[in-house]
1. Mind giving me the FRET efficiency for ASP220 and ARG140? R0 is 51 Å, r the Cβ-Cβ distance, nearest 0.05 is fine.
2. Once you list every other residue whose beta carbon is under 15 Å from the beta carbon of ASN251, what net charge do they have if Lys and Arg are +1 and Asp and Glu are -1?
3. For LEU272, LEU253, what's the fewest-to-most ordering of other Cβ within 10 Å of each Cβ?
4. State the extension gain, in nm to one decimal, for the chain segment bounded by GLU165 and SER64, taking 0.36 nm per residue of separation less the distance between their alpha-carbons.
5. Just how many pairs of Lys in region 118-214 have C-alpha atoms closer than 19 Å, counting pairs that are eight or more places apart or on different chains?
6. Under unit Cβ charges (Lys, Arg +1; Asp, Glu -1), what dipole magnitude, rounded to 20 debye, does region 81-153 have relative to its Cα centre?
7. Quick one: 3J(HN,Hα) in Hz for region 118-130, Karplus 6.51/-1.76/1.60 with θ = phi - 60°, rounded, Gly and Pro as x.
8. By the scheme Lys and Arg +1, Asp and Glu -1, what is the net charge of all other residues having a beta-carbon under 12 Å from that of ILE232?
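Read-outs throughout are calculated quantities, based only on the coordinates presented, and are distinct from any laboratory measurement. None of the values given here were measured: they were computed from a predicted structure. Cβ placement follows ideal geometry from the backbone for every residue including glycine, while neighbour counts extend to all protein chains displayed.
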Amino acid sequence: MNRCLDTIRVKQETQIANSYSIPNVPDIPNTPDSYTIPKNKTLFSKKIILTSLVVVTMFVVAISFYFGEIKSEKAYAKGTTTEDKELVEMRAKVEATKKAEIAEENKRYDDAVKSIENQRAQLLAQEAKAKADKEAQAEREKQAKAESNKIATSIKDCFDSIYAEAEKKYGVSRYLLKAVHILETRQSGDTDRASNAGAQGPMQFMPNTFQKYAQDGNGDGQALITSVNDSIYTSAKHLSANGATTGKVENALFQYNHSDAYVKKVLSLAQLLGYNK
């Protein structure tokens, strides 16, 4: 029964299909298929899609990496223990100590350089001063020599016998006695002339000093500060007592007149006169 029904249904469907059949259309040459997509356009579309997928994938990866880093930092910060913090602080202290040591070392170096520069400047200043002092001394000696030469032109020989007699008696060079006489009063004879300081006579003795070393030079039984003979003899006695006969001429002259310049003038003039130590 069922088979018969199936046969009838197939026949009916066949009849219906035949009634709606589309007539054959003749082929038209060079007619494009309107339902076919060009192959090159298909490839281009696929490339665009693939590129877009790659870009989107890279963007997603970058975003994921960024947020992953933030999460990692937060997790690290949260997971940092007290020991880690102490280690960080310790490292910071060590670095600070090193910096302080380096700064101190640099300061010591700078101080050493400054000290050397100061010492060098002081040495240069001392050398300059020594040079200036030497030049000044040379100039003073030059002037003293010129003065001695000037004095030498006006030297008198009228008292040479007295100088020689005093030399014989006290051992003091006649040239030293003559030089002292010239510098004190330009070889004045008997005189009561006195200086502002109170020194008197031809050899310009202070009264107390004269009384201490007083000598009678002319044999009249008295020693007078105003007598040229007595003054020359007293001068010889004074110089002898202070070392002029034992190699201490400078000391003897300094005791006679407390001035280094005076000592040099007397010696310079005495040498011009013929004195030889």
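1. Calculated value: 0.75.
2. +1
3. Working: LEU272 16, LEU253 26.
So the residues, fewest neighbours to most, are LEU272, LEU253.
4. 23.5 nm
5. Taking the Cα cut-off of 19 Å, the pair count is 11.
6. Numbers: 16 positive and 17 negative charges, 143 e Å.
It works out to roughly 680 debye.
7. Rounded to whole hertz, the list is 5, 4, 5, 5, 5, 4, 5, 5, 5, 5, 5, 5, 4.
8. Working: positive: LYS169, ARG174, LYS178, LYS237; negative: ASP160, GLU165, GLU167, GLU184, ASP190, ASP216, ASP230.
Summing Lys and Arg as +1 and Asp and Glu as -1 gives -3.
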